[in-house]
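Structure record follows, encoded as structure tokens.
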Amino acid sequence: MYQRRKRLSLMMLPALVLVGCTAAPAPSTTTHSSSASSPNTRAPITIPEPSPVTSSADTSPHDPGTTATPSPSTEPSAVPLDAAHRQLATMSRKEKIGQVLMVGVPATGSNSADLSTITRNALGNVFLKGRSSAGSAATGEVVERINTAIVKGTAADITPYVATDQEGGNVQVLRGAGFSTLPTALVQGSWDSTTLTHRATEWGKELAAVGINLNLAPVADTVSSASFAPSNGPIGQWKREYGYTPKAVSKASQAFTKGIGAAGVDSVIKHFPGLGRVTQNTDIAENVIDTKTTRNDPYLEPFRAGIAAGNEWVMVSNSYYSKIDAKNIAPFSSTIMRGMLREDLGFTGVIISDDMCDATQLSPWGYATRAVRFFEAGGTMMLCVNAGKLGQISAALAEQAKKDPGFARLIDAAALKVLQAKQDEGS
């Protein structure tokens with residue numbers, strides 16, 4: 001089991017900025033996909049795991065039953081609330097929504113419109129997208145400007161997540177002085193675990209030094225064979241796989257995560273339940289379907305092992321899985337997020353989406369529908385690489401929460417989970 005890093009306090013650390021996430025290799029012009037008042041001054045609040053608000057298109061038999069909110073008379077008033085609950089109780093609906101969204105901004109620097117979007121929508125999570133070769137000093141300045149925009153946008157003093165995507169090979173957002181050149185995952189997977197962990201620790205330190213606390217890596221997808229890899233658009237074509245068996249992928253992805261975590265940076269294992277068997281890339285194609293993966297598939301082992309080892313972030317893919325939930329893409333599937341991740345694998349951390357704004361796979365749905373359905377199905381944090389769409393997404397979530405108390409509880413529960421991830425809970 002890898003050692004979890006000491007969490008940052010919910011209170012903003014003035015000298016340190018943290019970041020959000022993006023996944024997308026692009027050696028050519030194509031991009032690939034892969035953040036209180038005293039408890040004595042208010043009544044205790046309890047945010048239970050909410051009952052699902054089921055989309056009309058999602059009829060999964062695996063949705064859990066309704067969980068009633070305890071009445072004040074039955075709440076154990078002697079039990080103190082943790083910092084995350086206390087923080088949630090002070091937040092406006094806009095601030096709660098801002099905690100469950102992550103917006104992409106250019107790694108080379110945000111323009112005034114991007115920064116305004118962050119502030120206006122009280123966003124608490126950002127990821128550095130695209131490619132930058134400007135080096136660590138310039139990247140640190142980019143992060144500082146993002147942090148300033150986040151502080152302006154919310155009365156709540158909460159550490160943001162600032163992320164990027166440093167996998168290796170074609171998928172390395174940050175380069176230049178202060179950043180190592182990372183080899184492909186396929187090369188990393190050929191190293192022994194000790195070497196990979198050591199190297200990943202150094203890469204993680206480079207990220208932490210510029211204020212990044214979340215890395216949208218490693219890839220836990222298993223490509224079926226070396227001969228199939230060139231036909232596997234999202235992963236194998238770019239050598240993003242660690243190997244061709246679940247055992248090899250599990251071993252290498254955990255070694256990578258252990259190293260990144262030792263540097264104080266969290267990792268996101270992706271793209272659940274796997275993109276190693278499809279041919280098309282959901283970033284640039286519509287109606288991408290995995291026709292092989294089952295609910296108890298052996299290729300789920302890298303995700304299972306990563307969760308058992310302590311990974312607290314999992315990204316769901318944008319693909320359909322016809323043998324699991326033929327009617328819904330993964331970010332709309334309660335079967336995949338609640339049934340498989342929460343129930344089957346016992347995952348209690350943050351379920352983050354892949355990009356749900358610019359990915360071609362999402363083109364049949366409007367932005368409001370995408371956002372609402374993701375949270376209805378059990379998602380925790382929605383990633384949108386297009387800052388220009390965040391305003392309508394935030395407004396749609398607020399409107400749905402206003403008219404539907406059940407949906408409002410879903411947002412509260414997701415925000416609480418994010419706040420708990422940000423809470424200083426030790427190593």
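The values are calculated or read from the model by the stated rules, or taken from the named source; none is laboratory data. Every value quoted in this text rests on a predicted model; they were computed, and no experiment measured them. Every residue, glycine as well, gets a Cβ built from its backbone with ideal geometry; the counts of neighbours run over all protein chains shown. These accessible areas exclude ligands, DNA and RNA; they are computed on the full protein's heavy atoms, side chains included. Shrake-Rupley method; radii C 1.70, N 1.55, O 1.52, S 1.80 Å.
One table, with the values for the structure above:
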item: For residue 290, distant residues with modelled amide H under 5 Å away; result: 320, 321, 322
item: Anisotropy class of segment 299-427 from Cα gyration tensor, a/c 1.5 cut; result: oblate
item: Cα-based radius of gyration of segment 197-311 once divided by 2.2 N^0.38 Å, which approximates compact folds; result: 1.08
item: Eligible lysines near residue 327 by straight Cα distance, threshold 18 Å, same-chain separation 8 or greater; result: 292
item: Integer Hz, Karplus 6.51/-1.76/1.60 couplings in order for segment 297-302, x for Gly and Pro; result: 5, x, 6, 7, 4, x
item: Length-normalised contact order of segment 128-238 in % [C-alpha pairs under 8 Å, at least 6 apart]; result: 31
item: Relative packing of 346-355, 121-130, which averages over residues the other C-beta atoms within 10 Å, highest first; result: 121-130, 346-355
item: Dimensionless Rg ratio for segment 84-144, taking C-alpha atoms and the 2.2 N^0.38 Å reference; result: 1.31
item: Largest-first ellipsoid semi-axes for segment 169-248, taking √(5λ) over the Cα gyration tensor eigenvalues, angstrom; result: 24, 14, 10
item: Solvent-accessible heavy-atom area per residue, rounded to whole Å², over segment 134-209 at 1.4 Å; result: 38
item: Cβ crowding within 10 Å averaged over residues, with 313-322, 395-404, 280-289 ranked highest first; result: 313-322, 280-289, 395-404
item: Part-to-part distance (alpha-carbon centres) for segment 135-211 and segment 239-285, which is given in Å; result: 16
item: Spin-label zone in segment 282-296 - amide nitrogen under 12 Å from a point set 7 Å from the Cα of residue 322 along the C-beta vector; result: 288-293
item: Karplus (6.51, -1.76, 1.60) ³J(HN,Hα), θ = phi - 60°, over segment 203-218, in Hz, Gly and Pro reported as x; result: 5, x, 4, 5, 5, 4, 5, 9, x, 9, 10, 9, 10, 7, 6, x
item: Rounded to whole Hz, the Karplus (6.51, -1.76, 1.60) HN-Hα couplings of segment 393-399, x for glycine and proline; result: 5, 4, 5, 5, 5, 5, 5
item: 15 Å Cα-Cα reach of residue 96 towards aspartates and glutamates, excluding residues that sit fewer than 8 places from it in its own chain; result: 157, 399, 412
item: Cα-Cα over 25 Å, subset of 94/422; 247/422; 129/239; 94/403; result: 247/422
item: Inverse of mean 1/r across different Cα pairs in segment 84-202, Kirkwood, Å; result: 15.8
item: Amide proton proximity set for residue 182, modelled H, under 5 Å, gap of 5+; result: 169
item: For segment 245-377: rounded, prolate or oblate by the Cα gyration tensor [a/c cutoff 1.5]; result: prolate
item: Amide H partners (placed H, <5 Å) of residue 134, local residues excluded; result: 175
item: Rounded to the nearest 10 Å², the accessible area of residue 238 at probe 1.4 Å; result: 30
